[in-house]
Amino acid sequence: MTAGTTITRATTAEHELARLQREHGRPLFSLLLRLCEGDRQRAEDLVQETLVRAWQNPAALHDDAFDSVRPWLMTVARRLAIDARRARQARPAEVGDAVLENARVCADHAERSAATLDVREAVRRLSPEHRDVLVMVYFRGASVAEAATALGIPPGTVKSRAYYGLRALRRILPGYAPDLR
């Protein structure tokens with residue numbers, strides 16, 4: 001076999017493939033688009049794979065028992081779509097970046113324990129006035145009026161001490177600042 005013969009066969013195969021694409025590409029794409037539930041990219045990939053299968057099986061394309069090769073192509077395409085769906089169902093679902101960005105991050109027990117110790121130490125370093133207000137309002141859940149009554153100070157003073165107490169905590173715990181806003 002000479003180099004010229006190889007080139008002629010390759011060129012003939014390329015022309016045959018191009019002809020299949022022109023004649024059967026649109027109906028194949030329509031079928032696969034329905035089977036792929038509107039996913040154009042997957043449908044295009046499967047059309048390509050169907051045409052590759054046709055190129056790999058030239059005997060099926062030139063079988064005299066068929067009036068048209070389209071039923072064979074449609075069957076191959078349908079089977080490829082079914083196989084692709086089964087393969088997707090066998091794998092875990094893919095997760096996009098947007099989902100990961102919005103996912104809640106849960107700290108483990110050790111991180112929560114360390115954070116609790118850090119906050120306790122920071123609260124201990126506050127002045128007694130600021131510490132009393134923050135403990136009443138934030139840790140015991142008292143309202144401003146309830147804290148004012150329990151501490152024997154005006155509600156405005158409770159608000160002021162809570163503000164300055166939180167501000168001091170932000171300075172002491174810089175890594176926790178977003179949680180204290």
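Bear in mind that the values in this text are calculations on the coordinates, not laboratory data. Since this is a predicted model, take the numbers as computed values, not measurements. Note: ideal-geometry Cβ built from the backbone for every residue, glycine included; neighbour counts use all protein chains shown.
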Exercise for the section: Read phi for every residue in region 132-146 and hand back ³J(HN,Hα) as whole Hz from Karplus 6.51 cos²θ - 1.76 cosθ + 1.60, θ = phi - 60°, with x for Gly and Pro. Expected result: 4, 5, 5, 5, 5, 7, 8, 8, 9, x, 6, 6, 4, 5, 5
Exercise for the section: Figure the gain on full extension for residue 140 and residue 52 (residue separation times 0.36 nm, minus the Cα-Cα span) and round it to one decimal in nm. Expected result: 24.7 nm
Completion exercise
Here the net charge surrounding residue 126, from other residues whose Cβ is less than 15 Å away from its Cβ (Lys, Arg +1; Asp, Glu -1), is +4
